[in-house]
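Report on one structure; see the data block that follows.
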Amino acid sequence: MKTLLLAAIASSLVNTADVQRIGKEVRLPGLVIHDVASPYFEATGKVSRTNDILEFIAVEPEGRDYESLLTLDCKPSAFQFALFLIGCETGTVANARSVVLLQIEYKNQRFPVERWLIDRKTKKTPTGLRWVFNGSFFSKNPVTDEPVFLADAEQAHIALWWQPSIVVNLADDRGNPYRGEDQGFEVNPAVVPPVGTPVKLIVRPKP
């Protein structure tokens, strides 16, 4: 049953011709899913901002990179497929079925994505942020009447305030940085490497 479900998910979210299984790895453009005892996946990308306020943790290179910490090489639909494949389930902030851990891999070290953020209220690096897999969804393009995956239309993977069309959202309400100097998050310029620096985003279910 699970195999049939994943096949149905794959056919709706990704081009199945792009999915390759090599040993315990499932590969898609920009993604490697590790089918191990504690499954996880890694997404390749680059640093997008080294200062200023943020709306996103990750977007596509052609997306709103001026408001995002990272750009990722994969599409948001593939990102959602990978989350399903590592056993995550969609939910809401009030009824979160899957909370995920986000780590950055840089210079062969892995650390929480929060290390590269500053909480604008406390002026400190945040800790213990909860990232919820709410999942994006399909809607009809009002012009063409064709189905469109909304996160692909937004070109965004992970949001820093609640946006139901984005695949992963921050569960904690830390405010919108456009509404006050003590709200939301900004880049930690003391630790983030230059724009364009290659990195990986590591995603796994929180135990």
For region 182-187, in residue order, the Karplus 3J(HN,Hα) values (coefficients 6.51, -1.76, 1.60; θ = phi - 60°; whole Hz; Gly and Pro = x) are 9, 10, x, 10, 9, 5
Cβ density ranking, 10 Å radius, fewest first, applied to His34, His157 yields His34, His157
With R₀ set to 25 angstrom, the calculated FRET efficiency between the beta-carbons of Ala153 and Thr197, to the nearest 0.05, is 0.35
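Give, in nm to one decimal, the length gained when the segment between Arg64 and Gln20 is fully stretched (0.36 nm per residue of separation minus the Cα-Cα distance).
My answer for the length gained is 12.9 nm.
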Expected sort for 20-31, 73-84, 52-63 on mean C-beta neighbours within 10 Å, highest first, is 73-84, 52-63, 20-31
Here the percent of antiparallel bridges among DSSP beta bridges lying wholly in region 2-205, to the nearest 5, is 90 percent
Per the helix-only model, the chain has a calculated mean residue ellipticity at 222 nm (DSSP H runs of ≥4, -39500 (n - 2.57) each, divided over all residues, rounded to the nearest 500) of -3500 deg cm²/dmol
Thr44 neighbourhood, Cβ < 10 Å, K/R = +1, D/E = -1, net charge -1
Under the 7 Å Cα-to-Cβ spin-label approximation, Asn108 and Lys124 lie apart by a distance in nanometres of 3.3 nm
hull vol. (C-alpha, convex hull) per residue for region 10-109, Å³ -> 129 Å³
Relative to the chain, whose Cα atoms define the longest principal axis, helix 2-13 and its Cα axis are tilted in degrees, nearest 10, by 70 degrees
proj_area_mean for region 2-205 (convex hull on C-alpha atoms), units nm², value 12.1 nm²
For the chain, longest principal axis from Cα atoms; helix 76-85 axis from its Cα atoms; angle between them, nearest 10 degrees, is 70 degrees
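Taking the Cα centre as origin and putting +1 on Lys and Arg beta-carbons and -1 on Asp and Glu beta-carbons, what dipole magnitude results for the chain, to the nearest 20 debye?
720 debye
Values quoted throughout were computed directly from the atomic coordinates according to the rules given, and no laboratory measurement underlies them. What you see is a predicted model, and the numbers here were worked out from it, not measured in a lab. Positions of Cβ are backbone-derived with ideal geometry, glycine not excepted, and every protein chain shown enters the neighbour counts.
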